[in-house]
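First comes the structure, then the notes that go with it.
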């Protein structure tokens, strides 16, 4: 049998919250609302017209453009952590006070300012390792090449 | 991040353990942002409420006890898992909108237990020095920041109001950062605290007459959808809006998008001309707002609504002013709310007292409606029993209620809403 070759991509960026974690990616091009946008008890996106409506980020590496909406953003991600429904790690593009504070209180490794757009490189289902302390994201593509 | 000697002393615990936890959070948060330093603030709008399900569970797991509110403050307002005693707060601070209306919790169908917890919570908040305004509009009832004042405020509709209309300087803070600001009088010097970030990014050319609050709500909803988190500069306004119109405009723009600052040259605090609003920048985008855009945004706002039989009319998001209460009463006086509908109106408790003295509460009550305070349906997650269809004059409430409560929501003018309250039917 032919040997399966998995594609591995390395991205470099800036630490937002330190630590190291890995998991399956959940990627969205829509910004995320905290209060009024997620159910913090299950990590499910509830916003009307959101492309991830009905899907949960629990234990996923959440890759998204940034935060919008209410100032309850951090309190809702804080609640998700206490409810055991937080993402494993976060990767995002646009820095705001909402997403910075939300990432800090989620206590999961978080990164931004990557050298390539993570929304272009990472797809839902890819295996992603976030080493925020060293500023490295390792992406193992889900689709294997023969 | 660079800290002053005083800030270093706070971080090292010389001002006590609670201040140390607060400074530790501000350093983690400031570094996450990439802020260079902190800035002094003596004006904080925050929330310390313990009645949400997760916090009630947190309290139950600890078996209550005399230090239970200290424990809640540490975890939920400072992100500290270690419980330390919370001293009297250093900065002036006020409570924003909360989950429980201290007087109308029974009408909201809340348990006595939750109302008692809320009462203990309020007493604790008062004891550490928090002003119990309990509204999303502190700027209507005594907390009116001055132009240039560095603030640490939560509540997106209030943030956009004080930044834009008053020219104060705040980012959209969260529960934990404002908790830390109360104890340290500090917040990261980042974002809208800096001159450069207050310049306009997008130009909105208005080519229609904006007459009433409905128009301003629709306009705000459109602007938020177009500019997201950027800073719109609005030109072509023919008549000066009043504070109610700007309150609704900002609340709408911060719901469909994340607008935290806008400029209407000659009207809002910081710029007299479009050129001044953009400074050395050139507009990234230019949008037109005419009758077609007005129609489009009106349709977005009524996206969820189909059934003309209205169960519930919600007014006062953001919390209603005295002018709004008078307008409501003029339309409602001598009429009766339909037997199949409920009418709830929300105003800051401080204004409720004025409404009582001015006869407004009596008119509303005699018509079969309720004048309430402290909370709103989206925050408290309460609706009258069996509600499937809502009507409101608030773009913000029309944006959030369908997602949070799973109800259809009609958006329209105050006249349409009162008409629906009296007839039980929505007419477009």
Quiz item: With (1) closer than 22 Å to residue B:177 by Cβ; (2) assigned to a loop (DSSP other than H, G, I, E, B); (3) over 11 Å from the mean Cα position of the chain (by Cα) as the list, and residue A:80 as the residue in question, which single condition is left unmet?
Solution: (2)
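From the list B:191, B:217, pick out the single residue that is farther than 30 Å from residue B:75 by Cα and touching a helix residue (DSSP H, G or I) at 6+ places or on another chain (Cβ under 9 Å). Before the answer, list the steps.
Details: B:191 fails: farther than 30 Å from residue B:75 by Cα.
Exactly one residue qualifies, and that residue is B:217.
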Self-check item: Scope region B:154-174; condition facing another protein chain (nearest Cβ under 8 Å) and either at pLDDT below 95 or under 10 Å from the mean Cα position of the chain (by Cα) (or both); matching residues
Solution: B:154, B:155, B:156, B:159
Quiz prompt | residue B:253 being surrounded by 16 or more Cβ atoms within 10 Å (Cβ to Cβ), within 14 Å of chain A (Cβ to nearest Cβ) and touching a residue at least 60 places away in the same chain (Cβ under 8 Å) | solution = yes
Practice problem: Kindly indicate which of A:97, A:31, A:79 is crowded, with 24+ Cβ neighbours inside 10 Å, under 30 Å from residue B:151 (Cβ atoms) and without any contact (Cβ under 8 Å) to a residue 12 or more places away in the chain. | Solution: A:97
Self-check item: Matching residues in region B:278-295 - criterion: being over 25 Å from the mean Cα position of the chain (by Cα) and part of a helix (DSSP H, G or I)
Solution: B:278, B:291, B:292, B:293, B:295
Quiz item: Condition test on residue B:47, is it within 14 Å of chain A (Cβ to nearest Cβ), surrounded by fewer than 23 Cβ atoms within 10 Å (Cβ to Cβ), in contact (Cβ under 8 Å) with a residue 60 or more places away in the chain and closer than 23 Å to residue B:182 by Cα?
Solution: no
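Among the listed residues A:86, A:25, which satisfies the condition of being touching a helix residue (DSSP H, G or I) at 6+ places or on another chain (Cβ under 8 Å) and at pLDDT 95 or above? Lay out the reasoning, then the answer.
Values: A:25 fails: touching a helix residue (DSSP H, G or I) at 6+ places or on another chain (Cβ under 8 Å).
It is A:86.
This table checks each residue for (1) over 14 Å from residue B:163 (Cα atoms); (2) in contact with a strand residue (DSSP E or B) (Cβ under 6 Å, 6 or more places away or on another chain).
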position: B:189; (1), (2): yes, yes
position: B:193; (1), (2): no, yes
position: B:197; (1), (2): no, no
position: B:204; (1), (2): yes, yes
position: B:214; (1), (2): yes, no
position: B:217; (1), (2): yes, no
position: B:224; (1), (2): yes, no
position: B:228; (1), (2): yes, no
position: B:231; (1), (2): no, no
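Any idea which residue in region B:404-414 is surrounded by the most Cβ atoms within 10 Å (Cβ to Cβ), counting only those that are more than 14 Å from chain A (Cβ to nearest Cβ) and assigned to a loop (DSSP other than H, G, I, E, B)?
Step one: list which residues in region B:404-414 are more than 14 Å from chain A (Cβ to nearest Cβ), which gives B:410, B:412-414.
Next cut, assigned to a loop (DSSP other than H, G, I, E, B) only: B:412-413.
On the way: B:412: 23, B:413: 14.
Taking the candidates together, the pick is B:412.
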Quiz item: In region B:376-403, how many are touching a helix residue (DSSP H, G or I) at 6+ places or on another chain (Cβ under 8 Å) and surrounded by 21 or more Cβ atoms within 10 Å (Cβ to Cβ)?
Solution: 16
Quiz item: Can you name every residue in region B:114-162 that is in a helix (DSSP H, G or I) and under 21 Å from residue A:70 (Cα atoms)?
Solution: B:138, B:139, B:140, B:156, B:157, B:158, B:159, B:160, B:161, B:162
Quiz item: Is it the case that region B:176-183 has a residue that's at pLDDT 95 or above and farther than 24 Å from residue B:125 by Cα?
Solution: no
Quiz prompt | Flag for residue A:130 being away from chain B (no Cβ under 14 Å) and either crowded, with 16+ Cβ neighbours inside 10 Å or without any contact (Cβ under 8 Å) to a residue 60 or more places away in the chain (or both) | solution = yes
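Among residues belonging to region B:50-86 that are in a loop (DSSP other than H, G, I, E, B) and touching a residue at least 60 places away in the same chain (Cβ under 8 Å), point out the one that is farthest from residue B:194 (Cα to Cα). Talk me through it step by step, then tell me what you get.
Step one: of region B:50-86, the residues in a loop (DSSP other than H, G, I, E, B) are B:50-52, B:62-67, B:79-86.
From what is left, the residues that are touching a residue at least 60 places away in the same chain (Cβ under 8 Å) are B:50-51, B:79, B:82, B:84-86.
Working: B:50: 34, B:51: 36, B:79: 26, B:82: 34, B:84: 34, B:85: 34, B:86: 31 Å.
Of everything passing the filter in region B:50-86, B:51 is farthest from residue B:194 (Cα to Cα).
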Quiz item: When you look at residue A:86, is it part of a loop (DSSP other than H, G, I, E, B) and either more than 7 Å from every other protein chain (Cβ to nearest Cβ) or surrounded by fewer than 20 Cβ atoms within 10 Å (Cβ to Cβ) (or both), yes or no?
Solution: yes
Exercise. Kindly list the number of the only condition in (1) outside any loop (DSSP other than H, G, I, E, B); (2) more than 12 Å from the chain's Cα centre (by Cα); (3) crowded, with 23+ Cβ neighbours inside 10 Å that fails for residue A:71.
Key: (1)
Quiz item: Quick one: in region B:263-275, which of the residues that are within 24 Å of residue B:247 (Cβ to Cβ) and not in a loop (DSSP other than H, G, I, E, B) is nearest to the other protein chains (Cβ to nearest Cβ)?
Solution: B:263
Quiz item: So which residues in region B:5-17 are loosely packed, with under 15 Cβ neighbours inside 10 Å and either in contact with a helix residue (DSSP H, G or I) (Cβ under 8 Å, 6 or more places away or on another chain) or in contact (Cβ under 8 Å) with a residue 24 or more places away in the chain (or both)?
Solution: B:12, B:13
Exercise. Give region B:200-219 a look and list any residue that's away from every other protein chain (no Cβ under 14 Å) and either within 12 Å of residue B:262 (Cβ to Cβ) or under 19 Å from the mean Cα position of the chain (by Cα) (or both), or say none.
Key: B:200, B:202, B:203, B:204, B:213, B:214, B:216, B:217, B:218, B:219
Exercise. Just name the residue that is surrounded by the most Cβ atoms within 10 Å (Cβ to Cβ) out of those in region A:103-127 that are facing another protein chain (nearest Cβ under 9 Å) and over 12 Å from the mean Cα position of the chain (by Cα).
Key: A:105
Quiz item: What about residue B:27, is it outside any strand (DSSP E or B) and in contact (Cβ under 8 Å) with a residue 12 or more places away in the chain?
Solution: yes
Exercise. Go through (1) closer than 17 Å to residue A:138 by Cβ; (2) modelled with pLDDT of 95 or more and name the single condition residue A:5 misses.
Key: (2)
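Among the residues of region A:52-74, count how many are farther than 11 Å from residue A:106 by Cβ and facing chain B (nearest Cβ under 7 Å).
Of region A:52-74, the ones farther than 11 Å from residue A:106 by Cβ are A:52-56, A:58-61, A:63-72.
Then drop every residue that is not facing chain B (nearest Cβ under 7 Å), which leaves A:68-71.
Matching residues across region A:52-74 total 4.
The values are calculated or read from the model by the stated rules, or taken from the named source; none is laboratory data. Keep in mind that this is a model prediction, so the values were computed, not measured. Glycine gets a Cβ as well: all are built from the backbone with ideal geometry, and neighbour counts include every protein chain shown.
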